[in-house]
Amino acid sequence: EDPSSSSSAQNSVAPELPGFYYDPEKNRYFRLLPGHNNHNPLTKDSIQHKAMECKRLRLLEEEEKQNRKTTRAGLNSSVLLQKRQLGLLSSTSYCRLVHELKVNCMQRRKIEIHSPDSSVAGTNNFKIIVADVACERIFTVNDVEHGGCKYGIINLSGLGKESLTVEMYDNLYFTNRKVNSVCWASLTHPDSHFSLTHSIKLCLMGIAETPGCASLLPASLFSSTNPGDRPGMLCSFKISTAWSCAWCLNPQADNCFSTGLTRRVLVTNVVTGHRQTFGTNSDVLAQQFATQTPVLYNGCRSGEIFSIDVRQRNRKGQSWKATRLFHGSAVTSIHLMEAEHYLMAADMAGKIKLWDLRTAKCVKQYKGHHNEYALLPLHVNEEEGLLIAVGQDCYTRIWNLQDAHLLRTIPSPHPSSKDAIPSVVFSSRLGGSRGVPGLLMAVKQDLYHFSYN
């Protein structure tokens with residue numbers, strides 16, 4: 001059962017009366033009070049929160065006792081192997097069902113975070129975690145008490161050990177801006193200040209107030225070496241209120257990144273400083289570059305998704321929008337599939353759709369996601385055939401990519417709240433090529449690992 005449907009299931013026991021709440025345990029109606037009242041806090045919000053918390057605690061108890069039921073009848077390793085040996089299952093079906101079994105068997109374990117600075121680990125709430133391409137490191141954005149954010153990098157090499165420990169390095173230079181969007185970047189220009197020509201950098205989008213800024217930070221800032229040897233920030237561009245960012249890996253638009261602003265898209269070359277502006281009729285909340293072509297995909301607050309070929313120059317009266325798709329609500333996240341024929345998109349109505357870019361039609365819809373106003377990301381792992389998304393209700397849901405079947409709903413270890421929405425990373429090689437598979441979940445000040453084996 002989907003936890004977000006608990007309130008509707010509760011009300012279906014007895015007829016709903018305006019201004020009253022039916023308590024199934026006491027089998028009677030109670031009058032609802034407008035707003036919040038400290039003496040008698042029987043309000044609609046408190047009732048829904050209590051029902052959700054009871055559901056979360058029950059699911060957590062089932063998780064600990066390993067009493068979870070599989071989403072498909074008869075799904076276990078011995079039956080799958082027997083059917084495969086008898087030729088009743090094709091290789092594709094067998095692999096898909098094995099991945100479903102792995103998802104159902106994932107168990108939560110808390111990770112101990114070590115840091116050269118003892119004041120770093122466990123002092124601030126995680127807001128965003130983003131893995132690099134090799135999944136060797138996790139970039140973290142943490143909220144600080146006095147406002148703004150601070151950044152850090154977690155080295156995942158310790159996940160392969162029995163102790164499940166990781167190392168976290170902090171950067172205390174940039175604490176005065178709120179971060180809206182983060183992406184990893186690879187800068188290979190010879191004018192880079194670094195000895196390695198293929199050093200991995202970070203492209204950060206941070207805003208606290210207008211004007212905002214887009215900053216490119218070298219990953220070597222976050223190391224245990226002498227702080228005096230660390231290079232400074234590569235570049236920082238002042239811009240208006242920004243919502244999203246994306247780095248281009250296509251050689252035809254080398255060293256370029258895009259920022260989604262209020263009613264416009266700004267493409268910037270970090271080496272030359274050249275900027276190209278594309279006007280839109282809505283705020284751009286999500287972006288991603290294609291890798292096979294220098295095409296940028298954008299998701300807007302209006303629900304529109306469109307693509308831009310950044311090689312063309314923007315001229316007045318010229319139509320530069322290529323592919324155009326439409327959602328019924330603000331698009332919060334987009335993900336271009338590996339073959340670049342399909343695009344996954346999520347919106348603020350909780351809908352997740354898979355679009356065929358060749359026909360501009362929706363071919364699949366993944367149900368169960370919960371969102372009303374938050375900018376929540378999607379996580380797609382085509383190798384394992386999984387789609388992962390964290391809802392505004394703080395539940396992490398995992399779907400099968402092929403048939404859009406909801407495989408598992410993971411409750412948060414902490415009570416649901418606006419400032420406790422988990423941030424997750426999933427990979428089959430956490431810690432590098434010889435790393436461990438699994439799901440990382442950052443919530444509040446804690447980091448958890450769900451082993452996928």
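The values are calculated or read from the model by the stated rules, or taken from the named source; none is laboratory data. Note that the coordinates shown come from a computational prediction; the quantities given were computed from them, not determined experimentally. For neighbour counting, all protein chains shown are included, and Cβ atoms are generated from backbone atoms with ideal geometry for every residue, glycine included. Please note that ligands, DNA and RNA were not included when accessible areas were found on the heavy atoms of the full protein model with its side chains. Shrake-Rupley method; radii C 1.70, N 1.55, O 1.52, S 1.80 Å.
Before moving on, here are some points about what is shown:
- When LEU202, LEU164 are checked against the criterion of being under 24 Å from ARG429 (Cα atoms) and either at pLDDT below 70 or not assigned by the TED database to the domain that holds ARG434 (or both), LEU202 stands alone in meeting it.
- Checklist (1) open to solvent by 10 Å² or more (accessible area, probe 1.4 Å); (2) of a type in the set (S, T, N, Q); (3) under 24 Å from ARG58 (Cβ atoms) applied to SER412, failing item: (1)
- Residues of the stretch 94-111 satisfying the condition of being at pLDDT below 90, within 25 Å of LYS161 (Cα to Cα) and either assigned to a strand (DSSP E or B) or basic (Lys, Arg) (or both): LYS102
- Top-ranked residue in the stretch 405-452 [being touching a Pro at 6+ places or on another chain (Cβ under 6 Å) and not β-branched (Val, Ile, Thr); ranked as nearest to LEU75 (Cα to Cα)]: TYR452
- Residue in the stretch 380-394 that is more than 28 Å from ALA339 (Cβ to Cβ), of a type outside the set (A, V, I, L, M), open to solvent by less than 20 Å² (accessible area, probe 1.4 Å) and not assigned by the TED database to the domain that holds ARG96 present: yes
- Restricting the stretch 21-62 to residues that are modelled with pLDDT of 75 or more and of a type in the set (Asp, Glu), the residue that is least open to solvent (accessible area, probe 1.4 Å): ASP23
- Single residue of the stretch 167-192 satisfying the filter (among the β-branched types (Val, Ile, Thr) and assigned to a loop (DSSP other than H, G, I, E, B)) that is modelled with the highest pLDDT: THR188
- Number of positions in the stretch 130-152 that are part of a strand (DSSP E or B), surrounded by fewer than 22 Cβ atoms within 10 Å (Cβ to Cβ) and aliphatic (A, V, I, L, M): 2
- Test: TYR448 is under 15 Å from the mean Cα position of the chain (by Cα) and surrounded by 19 or more Cβ atoms within 10 Å (Cβ to Cβ): no
- Here TYR373 meets each of (1) open to solvent by 10 Å² or more (accessible area, probe 1.4 Å); (2) at pLDDT below 95; (3) part of a strand (DSSP E or B); (4) among the aromatic types (Phe, Trp, Tyr) with one exception, condition (3).
- Filter pass, PHE237 being surrounded by fewer than 21 Cβ atoms within 10 Å (Cβ to Cβ) and either touching a residue at least 40 places away in the same chain (Cβ under 8 Å) or not in a strand (DSSP E or B) (or both): no
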